[in-house]
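Trainee: Before we start, here is the structure in question, set down as structure tokens.
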Amino acid sequence: MKYQNPIIKGFHPDPSVCFANGQFYMVNSTFEYFPGLPIYTSKDLLNWESLPAVVQQHAQVDLHKAKNSEGLFAATIRENKGTFYVVTTNISTFQTLLFTTKNPMHGWSQAIEIKIKGIDPSLFFEGERTYLQFTGYIEQQKKAIQQVELNIMTGEIIEGPKLLSHGSGGRDVEGPHIYKKEGSYYLLAAEGGTREGHMITIFKSNEVWGPYVSCANNPILSNRDYPNEPLQSIGHGDLVQDNSKAWWLVCLGTRPYKHTTNMGRETLLYPVEWNGEWPVIHNGIASQYVDLADYPQHQALMINPQVVENFTSLVTEEGEINSEALFLRDDLSLRAVIDHNGVLLKGDQSYLEQQLPSLIGLRQTSKTSVFEVTIDLTEEKTNGGITVYIDSKHHSDLLVQKNDGEIFLTRRTRLKEIIIQEKLQLIKGNEVVLSIGCSVEGYNFSIGKERKHLYKIDASFLSNEFSFGKNTGVICGIFAEGEGRLSCLSFTRQD
């Protein structure tokens, strides 16, 4: 049995996973995007089904002031005694927030705030006690792993914070999780910064409060010394056991091209075995392809082939916006009107550079994705189009604008403070098909079913490295702006 990483493609960083009721449940960071903190479920860790996201209402979390790459950071999901918990940090307000549910299919609670000074919170349950680990800031803004004991019902801190670890020597120790195995406590962490130097490290103690001793083989997973591996920036992991008690690790990684990354950090999966008192993750190298021939206990879980499905409709059969769709900082229920299989998107005086644009996006999930949109040109107030967007200061747009009965296509690209705008051509008819073809070299905008080339923008200009957008990845989407509208008849993605 072989499978391919990433297991969840496109901007899905900071994975956390738990196993309950015969199912795996996973959460990922979303930062300034909405709905916040997607939840996925799976029986085999390869094929994942989307469940309602944790944050679906503005009343749960206010993201309106979140800047680019701010918002909801590194969440952890855990289940204990029939209740599911997700804990996260809203970095734009520096609040640690706890959400609960009895059933992830039915949505999540309002948030309880936990008064700690840090990021990357995690939960560990033991008997009637609950412990919360996090990355705290100590002298001169250095980071260290700290812990408190928590009243899980109220969020009140009972004891702590106390320092658990400075890490193994790498910078930016983050992403802590605690597990108990055979009477010992294990602290998993990420170090090295979430770039090429990223790594996963582990520590051990006889007591939950420490002291924690570093594994002699740290880091236990990293590609920092393997520049030719297609996956890089490996870190921020979480361990889980399946129903046969086999151990697995999910973590984040990137698929760069010539040291630039467009899709952001994605979710990877590796088998874990224990060599005496310490875990061994795969062979210590995060490979793109994983062969489970030497892991019979792990292979027993994966009875179905890994399936990759294209995105075929923005509107579901139930007449709702597809759960894969992303908005910025709030939902668009008052701006997006569903009409049959399409969506009428209202500008509401918004623009892509603003905090709450009328934008519906899909993650780029493949280096060779093709996004195709059909736009209804009979809408009298047409003013919008399609975009490749990594943040509010780095995007390239193909505008469709109706003025005095004439409809023009306009190219517009914003790179930091530089704005390039060029009127391309007059178009006629009742509808138009516009496409964005993604490649490692660039984004190609085209028109018509035959995909006649219009213009291309170099992919490096919309990368994490050029935009300094360290947390998110490229989305391709539709938008309306100003007082205009965009009537989208169809929106697909082919990987």
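The numbers here are math on the coordinates, done by the rules we state, and not lab data. Bear in mind the structure is a predicted one, so any value in this text is a computation, not a measurement. With ideal geometry, Cβ positions are generated from the backbone for all residues, glycine too; neighbour counts draw on all protein chains shown.
Trainee: On full extension of the chain, what length is gained from Ser50 through His106, given 0.36 nm per residue of separation minus the C-alpha to C-alpha distance?
Mentor: Value of the extension gain: 18.9 nm.
Trainee: Would you please put 266-278, 25-37 in order of how densely packed they are, using the mean number of other Cβ atoms within 10 angstrom per residue and starting with the highest?
Mentor: On the way: 266-278: 17.4, 25-37: 25.7.
Packing proxy ranking, top to bottom: 25-37, 266-278.
Trainee: Return the whole-Å distance between the Cα centroid of the stretch 336-407 and the Cα centroid of the stretch 272-317.
Mentor: Here the answer is 36 Å between Cα centres.
Trainee: In vacuum, with every alpha carbon of the chain counted as one equal point scatterer, what does the Debye formula give for log10 I(q)/I(0) at q = 0.07, 0.08, 0.11 Å⁻¹? Two decimals, please.
Mentor: -0.37, -0.48, -0.89
Trainee: Tell me, how many Å apart are the Cα centres for the stretch 192-229 and for the stretch 3-38?
Mentor: The two parts, judged by their Cα centres, are 21 Å apart.
Trainee: As a test of the formula, what do you get for the chain when each DSSP H run with n ≥ 4 contributes -39,500 (n - 2.57) and the sum is divided by the residue count, at 222 nm and rounded to the nearest 500 deg cm²/dmol?
Mentor: Numbers: 2 runs with 8 residues, N = 495.
Helices in the chain give a 222 nm mean residue ellipticity of 0 deg cm²/dmol.
Trainee: Let me ask you something else. Please identify the trypsin sites (Lys or Arg not before Pro) of the stretch 204-288 that satisfy two criteria: DSSP loop assignment and at most 14 other Cβ atoms within 10 Å. Which are they?
Mentor: Working: sites: Lys204, Arg224, Lys245, Lys258, Arg265; in loops: Arg224, Lys245, Lys258, Arg265.
Of the trypsin sites (Lys or Arg not before Pro), the ones in loops of the stretch 204-288 whose Cβ has at most 14 other Cβ atoms within 10 Å are Lys245, Lys258.
Trainee: To the nearest whole percent, what portion of all C-alpha pairs in the stretch 1-137 is separated by more than 27 angstrom?
Mentor: On the way: 1590 of 9316 pairs.
Everything past 27 Å amounts to 17 percent.
Trainee: Here's another thing I want to ask about it. For the stretch 242-256 and the stretch 45-68, write down the distance between their C-alpha centroids in whole Å.
Mentor: 22 Å
Trainee: Any chance you could list P(r) for the stretch 47-113, counting all Cα-Cα pairs in 10 angstrom bins from zero, rounded to whole %?
Mentor: Reading the bins upward from 0: 20, 52, 25, 3.
Trainee: Once the principal axes of the Cα atoms of the stretch 327-494 are found, what is the range along each, listed largest first in whole angstroms?
Mentor: Principal extents (largest minus smallest coordinate, Cα): 41, 35, 30 Å.
Trainee: Follow-up. Need one number for the stretch 190-330: average projected area of the convex hull over its C-alpha atoms, nm². Walk me through the intermediate numbers first.
Mentor: Working: hull surface 50.9 nm².
Answer in nm², one decimal: 12.7.
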